[in-house]
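A quick write-up on the structure given underneath.
The values are calculated or read from the model by the stated rules, or taken from the named source; none is laboratory data. Everything numeric in this text was worked out from a predicted model, so none of it was measured. Every residue, glycine as well, gets a Cβ built from its backbone with ideal geometry; the counts of neighbours run over all protein chains shown. In case anyone asks, the SASA skips ligands and DNA or RNA and just uses the protein heavy atoms, side chains included. Shrake-Rupley method; radii C 1.70, N 1.55, O 1.52, S 1.80 Å.
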Amino acid sequence: MSTLQKQRLAWAITGSGHYLRECLDVLQALKNQNLTSVDVFLSRAAAEIIKQYGFQTQLEAAAHRVFQDKTASSVPVEFFYKGQYHTLVIAPATSNTVAKMAYGFSDSLVTNLYAQAGKTRVPSIVFACDTVPALGVSFIESEAPRENIVKVFPRQIDLDNVAKLSQFELTQVASSIDELQKTLNQRLNEPSFK
Ligand SMILES: Cc1cc2nc3c(=O)[nH]c(=O)nc-3n(C[C@H](O)[C@H](O)[C@H](O)COP(=O)(O)O)c2cc1C
């Protein structure tokens, strides 16, 4: 068994309703296919939003372990110091978390995971959910609680922060669920995993 096969995938969820359902589906598929063990980390907002959308059962079914943001120093990041993870996925990533990461903040569990992943040279895949799907499209259709659909127009600052983050070392930014899936598959199919 290679070193990467022995390690786990760290998956952080932030307080985004947009693409939350789809991200949980990707997590469930990973578990069903038994490709890698996954630990899930929730921002404080994510813990609330998952309950608001009624996705608690799906989360528990899809994750192996779930950690919440309950400490000032983000205690769970020590797993990165112990080399437990091969990859960090942050999906869906709110505009808030993307902005903080793009400017080097690490003042919450998720932003700390991203910072510590970078400092321990673990690659990150970030699915920035508030991006426009294609050139010339200015809005996205986002799922609100109770399956209401709302139009969301990402602001220029949100798009600029995504672009800034995509320049960071060891960071791949996905701007659609298909791109997230593709990037994740590529990572899990790297020869070093065999
Ligand atoms: C129902 C609901 C849905 C939300 N959906 C989004 C979203 O799709 N994208 C986003 O950037 N923020 C969204 N938010 C706002 C974030 O939860 C809020 O900015 C929070 O502070 C983010 O914290 P975090 O980045 O630490 O998870 C939503 C809030 C609520 C109450």
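With a simple spin-label model that places each label point 7 Å from the Cα along the Cα-to-Cβ direction, the separation between Asn32 and Ser176 comes to 2.2 nm. Net length available on complete extension from Tyr103 to Asp160 is 19.4 nm, with 0.36 nm assigned per residue and the Cα-Cα distance removed.
Please give the contour-minus-distance gain from Gln167 to Ala144: 0.36 nm per residue of separation, less the Cα-Cα distance, rounded to one decimal in nm. Intermediate values should be presented prior to the final figure.
On the way: separation 23, 0.36 × 23 = 8.28 nm, distance 3.06 nm.
Length gained between Gln167 and Ala144: 5.2 nm.
For the stretch 103-164, the orientation-averaged shadow of the C-alpha convex hull comes to 5.7 nm² (one quarter of the hull surface).
Residues of the stretch 62-94 with backbone nitrogen within less than 13 Å of a virtual label 7 Å along the Cα-to-Cβ line of Arg44, please, listed as ranges. Counting only backbone N, you get 69-74. Candidate membrane-span-like segments in the chain, meaning DSSP H helices with Cα atoms spread over at least 18 Å of their own axis and a Kyte-Doolittle mean of -0.5 or above, are 20-33, with no membrane implied.
Could you tell me which GluC sites (Glu not before Pro) in the stretch 121-186 are loop residues by DSSP with no more than 14 other beta carbons within 10 angstrom of their beta carbon?
Values: sites: Glu141, Glu143, Glu147, Glu169, Glu179; in loops: Glu169.
Taking the stretch 121-186 and a limit of 14 other Cβ atoms within 10 Å, the loop GluC sites (Glu not before Pro) found are Glu169.
Using the Cβ-Cβ distance between Gln186 and Glu60 with R0 set to 30 Å, the FRET efficiency works out to roughly 0.60.
Taking a temperature of 10 °C and a viscosity of 1.306 mPa s, what whole-number D in µm²/s does Stokes-Einstein yield for the stretch 3-193 with Rh from Kirkwood over alpha carbon pairs? It would help to have the intermediate numbers written out before the result.
Details: Rh = 16.6 Å.
Estimated via Stokes-Einstein, D reaches 96 µm²/s.
Of the accessible area of the stretch 60-194, computed with a 1.4 Å probe over protein heavy atoms only, carbon and sulfur atoms account for 52 percent.
Set the bar at 28 Å for Cα to Cα. Now go through Lys70/Lys151; Lys100/Lys182; Lys70/Lys182; Lys151/Lys182; Lys51/Lys151 and name every pair that lies beyond it.
Values: Lys70/Lys151 32 Å; Lys100/Lys182 25 Å; Lys70/Lys182 32 Å; Lys151/Lys182 26 Å; Lys51/Lys151 22 Å.
In this structure, Lys70/Lys151; Lys70/Lys182 exceed 28 Å between Cα atoms.
Applying a threshold of 18 Å to the alpha-carbon distances of Lys6/Lys119; Lys82/Lys119; Lys6/Lys82; Lys6/Lys31 flags Lys6/Lys119 as lying beyond it.
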